[in-house]
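The structure appears below as structure tokens.
The values are calculated or read from the model by the stated rules, or taken from the named source; none is laboratory data. It should be emphasised that the depicted structure is a prediction, and the values quoted were computed from it without experimental measurement. Cβ: placed from backbone, ideal geometry, glycine included. Neighbour counts: every protein chain shown.
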Amino acid sequence: MRVSKAGRQRGFSYLWVLLLVALMGVGLTLGAELDATAAQRDQEQQLLAIGRQFRTAIERYREASNVKEYPASLEDLLVDPRVPGVRRHLRKIFVDPMTGRAEWGLVKVAGRIVGVHSLSERQPIKQANFEPDDFGFSGRSKYSEWVFTYPADFNEAAIPGQAVKPQVEEKK
């Protein structure tokens, strides 16, 4: 039985179509990976910006009174209970861009909030070249290790008369 010239050409075209489909699949996979990486980098930048806003709000809360105390809850940053009028140190409790929830890990000393951190256990892409206030984030293996405290280099000596180490809580 003889195969016509057209029959041989159809088989060749079929191979080209298979190769084209395979190359398109590889291209789409690479594109999806690049998109996911870009989205994670964007979320990291959002986390850094939001964390700095929390740090600034905690600083403003502490420095707004002669008592120099830290807030008891994140809601105290929204409306300062120590003053008769409305004093806001933070406009809203932000959503954690890494988890998609408005829940933050809290760093407390003597029941007062000195910092916040993400609850995400994902590995950060950014590992170096942080702002000076975020110097401790270099080489961290999880976003939950990016802790935004006031002051940025917080330790137990930051509060006079306190000999208590910071306590990290998991929920807001």
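The table that follows gives values for the structure above.
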item	result
Among the candidates Arg82, Arg88, residue that is in contact (Cβ under 8 Å) with a residue 12 or more places away in the chain and not hydroxyl-bearing (Ser, Thr, Tyr)	Arg82
Test set (1) without any contact (Cβ under 8 Å) to a residue 24 or more places away in the chain; (2) assigned to a loop (DSSP other than H, G, I, E, B); (3) surrounded by 18 or more Cβ atoms within 10 Å (Cβ to Cβ); (4) not aromatic (Phe, Trp, Tyr) - Leu77 fails condition number	(2)
Positions within segment 63-74 being over 22 Å from Glu103 (Cβ atoms) and either under 23 Å from the mean Cα position of the chain (by Cα) or not in a loop (DSSP other than H, G, I, E, B) (or both), in sequence order	Glu63
Residues of segment 52-64 satisfying the condition of being surrounded by 12 or more Cβ atoms within 10 Å (Cβ to Cβ) and more than 12 Å from Leu90 (Cβ to Cβ)	Arg62, Ala64
Number of the exception - Leu47 against (1) assigned to a loop (DSSP other than H, G, I, E, B); (2) modelled with pLDDT of 95 or more; (3) touching an Asp or Glu at 6+ places or on another chain (Cβ under 9 Å)	(1)
Near pairs, Cβ below 9 angstrom, 6+ apart or cross-chain, from segment 49-69 (in contact (Cβ under 8 Å) with a residue 60 or more places away in the chain) to any residue that is part of a helix (DSSP H, G or I)	Gly51/Asp134; Arg52/Asp133; Arg52/Asp134; Phe54/Leu77; Arg55/Asp133; Ile58/Leu77
Criterion: under 30 Å from Gln127 (Cα atoms) and at pLDDT below 85 - qualifying residue of Asp35, Asp42, Asp96	Asp35
Which listed residue is at positive phi, out of contact with any His (no Cβ under 9 Å at 6 or more places or on another chain) and not charged (D, E, K, R), from Gly85, Gly100	Gly100
Residues located in segment 91-122, provided they are over 14 Å from Tyr150 (Cα atoms) and over 18 Å from the mean Cα position of the chain (by Cα)	Arg91, Ala110, Gly111
Test result for Leu90, in a helix (DSSP H, G or I) and touching a Leu at 6+ places or on another chain (Cβ under 6 Å)	no
Residue tally, condition of a type in the set (Val, Ile, Thr) and in a loop (DSSP other than H, G, I, E, B), over segment 116-146	1
